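Please treat every number below as a calculation from the coordinates, not as lab data. Since this is a predicted model, take the numbers as computed values, not measurements. We place every Cβ from the backbone using ideal geometry, glycine too, and count neighbours over all the protein chains shown.
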Amino acid sequence: MLQELARALGECQPRPEDMLGCVARHLNGAGFGFDRVAIFKDGTGRFDPVPAAQYGFEDLEVLHGQLPPVDEWPLFQRALSAEEAVWAADAQLDGDVPLEVAGSLRIRSVVGVPFVAGGHCFGFGLADRRGAAFELTQEELHTLTTAGRFVAAALVGATATEREHRVSELKSQFVALASHELRAPVAGIHGVTMTLRERGDDLLPEQVRVLQGTLYEQSDRMRRLVDQLLDLSKLEADAVEISPRRFPVRERVESVLRQVVPDKLEHIVVAVEPGLETLADPDAFDRILANLVTNAVRYGAPPVKVSARQLDTHFRLWVEDAGDGVPPEFAPRLFQRFARGRADASDGGSGLGLAIAQSFAQAQGGRLIYEDGEPRGAKFQLVLPVRKDQ
């Protein structure tokens, strides 16, 4: 089984996502007979367990966005603590897998395999025999532990290579963006100030107001771009500190709206219960919401609706507008850095805002999701995990 897995990994692309997909297909291996395998990545702490890859677990998508955080899965906690593969005879009866997950996916006997190397857990594999009861010998568990360590060792190299490639690509994109996008507002600001300096006494009041408006627009555009570039550099350097604290959601939403769209408040509907609170990083929350609202106002159409609720084990916030929505051909690239649609290109957008907002969401164990609005428009959903004791 290990030889088969090694051969398969050697033939796949050296990217973590490709390797995890390969593991999901081959972890069943001759002699184990697993019918379903799901792989969750980044198991070092509290994260939202959206599978990185799966084999035979198609129905896992039924629970997409509703899975409890991994620190509420005793099976994974036992595997991480021992750094070994662990087996549960009856996940529903023994509580090794959250009851709502075990019931929905019809899990009974199950095995959890940690991918651990150098004290770092790159994720977990979960496997079963399509809801049937089974047993594993200690030798089989040892072999699965070895497979998990082998996978983690392969991921170390793939992750490092991917990061180097990403940093190199990011530097090139950063230089190109800075040289191109900063040049326009700087040139505009310089032109206006030079005109005011050299011909200010000869200009009519109306001409001065037009120049002042241009100066404000260009300086605001440069401010937004500089803020995004600084956020991007912090996120790439893993220098963003997430400090969750409890705060009232409606109060926070209204404060952000007053800051980012003070002249558009009459076009925005806030549907958040006054007593709703959540536990999140306030600054990260503000950056995410500010980006979503700014985009809705800039690219969508009124009314813009901001709503929030706490459902199951997650806090959810929606921002939706009544515009034309995101073109289907652009939607898959929506959260990629430097990805710009036609509207972004025409108004000087950098293609960074949504990527940065997604990074802030992921830093808190959550994510941003896009879907078409009903009957039209764009609808973004922020999903953040919430502990049961919060």
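Key figures for this structure:
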read-out: Overall form of the stretch 182-239 per C-alpha gyration tensor (a/c, 1.5; a/b vs b/c); value: prolate
read-out: ³J(HN,Hα) computed for each position of the stretch 143-160 - Karplus, 6.51 cos²θ - 1.76 cosθ + 1.60, integer Hz, glycine/proline x; value: 5, 5, 4, 4, 4, x, 5, 5, 4, 4, 4, 5, 5, 4, x, 5, 5, 5
read-out: Placed amide H near Arg36: partners under 5 Å, 5+ positions off or other chain; value: Asp128, Arg130
read-out: Distance (nanometres) between label positions extended 7 Å along Cα→Cβ at Ser243 and Asp201; value: 5.3
read-out: Sites Leu279 and Gln212, calculated FRET efficiency, Cβ-Cβ separation with R0 41 Å, nearest 0.05; value: 0.40
read-out: Fewest-first ranking of Tyr55, Tyr370, using other Cβ atoms within 10 Å as the exposure measure; value: Tyr370, Tyr55
